[in-house]
Amino acid sequence: MLLFLALLGGAGVLFIFYHYGRDLPDYRQLADYEPPTVTRLHAGDGRLLVEYATEKRVYVPVQAIPRRVVNAFLSAEDKNFYSHPGVDFISVARAIVTNIVNLGRDRRPVGASTITQQVAKNFLLTNEVSMTRKVKEAILAFRIERAFDKDRILDLYLNEIYLGFGSYGVAAAALNYFNKSLDELSVAEAAYIAALPKAPNNYHPIRRPEAALARRNWVIGRMLDDGRISFAEAEEAWAQPLRVYRVDPTEIVRADYFVEEVRRELAQIYGETSLYEGGLSVRTTLDPRLQRIAERVLREGLIAYDRRHGWRGPVAKRDLEAGDWRELLAAVEPPKGIDPWTLAMVLGLDAERAEIGFASGATGHVPMAELTWARPWLEGQKVGAKPKKPEAVLRVGDVVLVEPVAADAAGKADGGGKAYGEGKAYGEGKAYGEGAYALRQIPGINGGLVALDPHTGRVLAMTGGFSYDQSQFNRATQAKRQPGSAFKPFVYLAALDSGFTPATIVLDAPFVIDQGPGQGKWKPANYSRKFYGPAPMRIGLEKSRNLMTVRLAQTIGMEKVVDTARRFGIVDDMPPVLSMALGAGETTLLRLTSAYAMLVNGGRRIDPTLIDRIQDRHGLTIFRHDMRGCEGCQGAAWANQEPPELPDERERIADPASAYQVVSMLQGVIQRGTGRRVRAVGKPLAGKTGTTNDSVDTWFMGFSPDLAVGVFVGFDEPRPLGRRETGSSVSAPVFRDFMAAALDGQPAIPFRIPPGIRLVRINLETGRLARAGDKRVILEAFKPGTVPSGDQAVIDGGYNPMTGTATGGTSGLY
């Protein structure tokens, strides 16, 4: 009978294993399982930018987890872990007896799941409470034990389990509960974390402190019973209060537009799963100091333009008789991206100031000196009369944006020392007193700024708008706009590569082209609407002469201009028509900044990048922007040896002599031309303004020898910026302020002159060799054999003013 019963029982067990084991998940997938971990983006100096994760987990191999922590979990969850085959039959028998004894006592049933069974449930099964799941769990536990060693199973368990407080894995729990790494945990702290797997919310240290303390002490007792700690250690652990500590705030560098651009790139290359679960470590190119400067100067530049074009009205209007003004104000939703400004309500007006109140109940005032900029906005970006009293700007009940200003700020530009306007001193120099605020307004205009290393293409700073919270559209990378005159240097580069010199004389006179039947005539004009006659090519670029540029492009042929634009990555498929020479082809700020960088680096191709290096969760480098090999870079120590020389593998896309000639001409733009505002920086700089028809888009592109910077400003829905608003007045001040701060404290480094260039004294106005008595003399850059020796022919583009047609062919015509 016993034999029969044994055979019957064995057959029953085999049937259960067969029946429930047929459709179980493949446990072998655990061999390659890697728990979802956090992807981190770091700035160039190592500081954290952002973390991406579906589960905030810090993966730590079981070999690196302290034995104290491991022992706490073994005592709490599975003391026979290293001896059972996946199911602890002794614990199962004990649980059965205990549950029978507890029948009718309203006590929770005691479980006997091993760590291996919990791994099977967490990874391969659901949380369904049923006997079927327990059987499947046991079957999988046997199979897992046969397939993996104990440490691998423990590794999976300790890094996967959820422990409350948003903690996945023991390392995250140590940080979130105690602000410690694993090796810093005390016995009491390790015991508390080990007490959480069953039900973290039931042992919440703040909401249920008594239950949490009791559970912790129970784990300490189990550790003592199992011989994992001494009695003295147990007594010390029992005596410790249960205290949790906030995680130290991580210093995070804000660079929202930059970070989002990196995120999109990572998602495109590796996919969303790898981005949010792959545990990538991404070292970006961002320079936090330059990023702070970029965001500040762009905001100030946008505000400065906006203030010049008037006050568009309050955020909202409320009737103070409709209720308590504090409640009325609190009900107004603040606009996004207003930090550090705040909402206030106008409570009263007199001849000298506006009284304002805040939702907190606090009050303040806006002096008249802080309202004088607020001329009424008129259609076409025009403004009305300058206000003389606060009531000309505000009404009682208006909800407006304000910013605190210093009590002694009167007499300074804008009261707060911020030169948003023309830098004039408002008021009579009287101190504002306490509680003074300035009226603010979110700009209707927007823009972007990019700064990069011209030798490597590393993007050091990028901001794509006034506020990322307000608009995630990145105007540095996503906005395709016409560069206008900012494209002209590449027309001149093509001409220099074709044998012309900066002293070549080009005609500045009316230019008309018949575009064909029914198309009318194309009549480009200079911004001033004047004609200046023959002048050196340099003058054409420094003064941004449209007619000279068009004639030059007509002479060399638009095919060469198109090829230059393609090689420099500005426009891929530019139509070979003359209007393109004046910047009618659309491009992005990042592409154009990269093109200018390739001018100052001597005509070497660079690919702009926001990422230096990417490592996977195991520390293996899976991407490097700079793929050059470097023998000798891995030396164990420095012993005064010469640094290794890296090969320059960048493709040559322009003659370095021609590129330097353009750089020299762009220096003249800042010294004498349309970029004179930038001269105040006092360092060797070169650059070019850009303004499109009707002042719809404004640019300033430029560089120092080792830093290329581009600025774009315009409305998101293209429309004119207003009378006399150009790249010189709108974008150039942003470039100037950025360069002044970025280069502050650095030596003045001259532009590097390539071999073969001769610097010759010439007359700036005539392009001829300088003679005694000439007043406007400069050092001009010439290639060998191109120094002018006498009178020069005037380049007129093959244009015949008598017939209105081109005599030198139809290259580049509409």
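The values are calculated or read from the model by the stated rules, or taken from the named source; none is laboratory data. Quantities reported herein were computed from a predicted structural model and do not represent experimental measurements. Positions of Cβ are generated from backbone atoms using ideal geometry, with glycine treated the same way; all protein chains shown enter the neighbour counts. Only protein heavy atoms, including side chains, enter the accessible area calculation; ligands, DNA and RNA are left aside. Shrake-Rupley method; radii C 1.70, N 1.55, O 1.52, S 1.80 Å.
Below is a table of values for the structure above.
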item	result
Which listed residue, of A732, A657, is closer than 20 Å to G484 by Cβ and modelled with pLDDT of 95 or more	A732
When residues of the range 183-196 are limited to those that are surrounded by fewer than 22 Cβ atoms within 10 Å (Cβ to Cβ) and in contact (Cβ under 8 Å) with a residue 24 or more places away in the chain, the one farthest from the chain's Cα centre (by Cα)	S186
The range 288-347, residues that are under 27 Å from G710 (Cβ atoms), aliphatic (A, V, I, L, M) and touching a Gly at 6+ places or on another chain (Cβ under 8 Å)	L298, L302, A304
Scope the range 504-533; condition hydroxyl-bearing (S, T, Y) and closer than 30 Å to G785 by Cα; matching residues	T504, Y532
Residue, nearest to A581 (Cα to Cα), within the range 473-500, restricted to residues that are open to solvent by 10 Å² or more (accessible area, probe 1.4 Å) and among the polar types (S, T, N, Q)	S485
Wholly enclosed helices (runs of 4 or more DSSP H) of the range 514-632 bearing at least 1 residues open to solvent by 40 Å² or more (accessible area, probe 1.4 Å)	546-556, 558-567, 589-600
Qualifying residue in the range 450-463 (condition: open to solvent by 10 Å² or more (accessible area, probe 1.4 Å), assigned to a loop (DSSP other than H, G, I, E, B) and charged (D, E, K, R))	yes
Flag for Y799 being at pLDDT below 95, aromatic (F, W, Y), farther than 30 Å from L290 by Cβ and surrounded by fewer than 16 Cβ atoms within 10 Å (Cβ to Cβ)	no
In the range 288-328, the residues that are in a helix (DSSP H, G or I) and over 28 Å from the mean Cα position of the chain (by Cα)	R308, L320, E321, A322, W325, R326, E327, L328
Hits in the range 355-382 - residues which are in contact (Cβ under 8 Å) with a residue 12 or more places away in the chain, surrounded by 17 or more Cβ atoms within 10 Å (Cβ to Cβ) and more than 34 Å from the chain's Cα centre (by Cα)	I356, G357, G364, H365, V366, P367, M368, A369, L371, T372, R375
Of the criteria (1) modelled with pLDDT of 80 or more; (2) acidic (D, E); (3) open to solvent by less than 40 Å² (accessible area, probe 1.4 Å), which one D469 fails	(3)
Test: residue in the range 296-314 that is of a type in the set (V, I, T) and free of Cβ contacts under 8 Å to residues at least 24 places away in the same chain	no
Flag for A316 being in contact with a strand residue (DSSP E or B) (Cβ under 9 Å, 6 or more places away or on another chain), of a type in the set (G, A, S) and surrounded by 18 or more Cβ atoms within 10 Å (Cβ to Cβ)	no
Residue match in the range 85-95 (condition: of a type outside the set (S, T, N, Q) and at pLDDT 75 or above)	yes
Test: residue in the range 271-289 that is out of contact with any Asp or Glu (no Cβ under 9 Å at 6 or more places or on another chain), among the polar types (S, T, N, Q) and under 20 Å from V450 (Cβ atoms)	no
Residues that are more than 22 Å from G619 (Cβ to Cβ), surrounded by fewer than 19 Cβ atoms within 10 Å (Cβ to Cβ) and of a type in the set (V, I, T), drawn from the range 255-287	none
When residues of the range 750-760 are limited to those that are touching a residue at least 24 places away in the same chain (Cβ under 8 Å) and in a strand (DSSP E or B), the one most open to solvent (accessible area, probe 1.4 Å)	R758
Index of the failed condition, E235 passing every other in (1) open to solvent by 10 Å² or more (accessible area, probe 1.4 Å); (2) under 22 Å from R40 (Cβ atoms)	(2)
Subset of the range 482-540 (residues that are touching a Gly at 6+ places or on another chain (Cβ under 7 Å), of a type in the set (A, V, I, L, M) and within 30 Å of L590 (Cβ to Cβ))	A486
Qualifying residue in the range 329-340 (condition: assigned to a strand (DSSP E or B), out of contact with any strand residue (DSSP E or B) (no Cβ under 8 Å at 6 or more places or on another chain) and either hydrophobic (A, V, I, L, M, F, W, C) or surrounded by fewer than 21 Cβ atoms within 10 Å (Cβ to Cβ) (or both))	no
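Residue-by-condition table, conditions (1) assigned to a helix (DSSP H, G or I); (2) over 18 Å from R68 (Cα atoms); (3) open to solvent by 10 Å² or more (accessible area, probe 1.4 Å):
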residue	(1), (2), (3)
Y157	yes, no, no
G166	no, yes, yes
R215	yes, no, yes
I220	yes, no, no
M223	yes, no, no
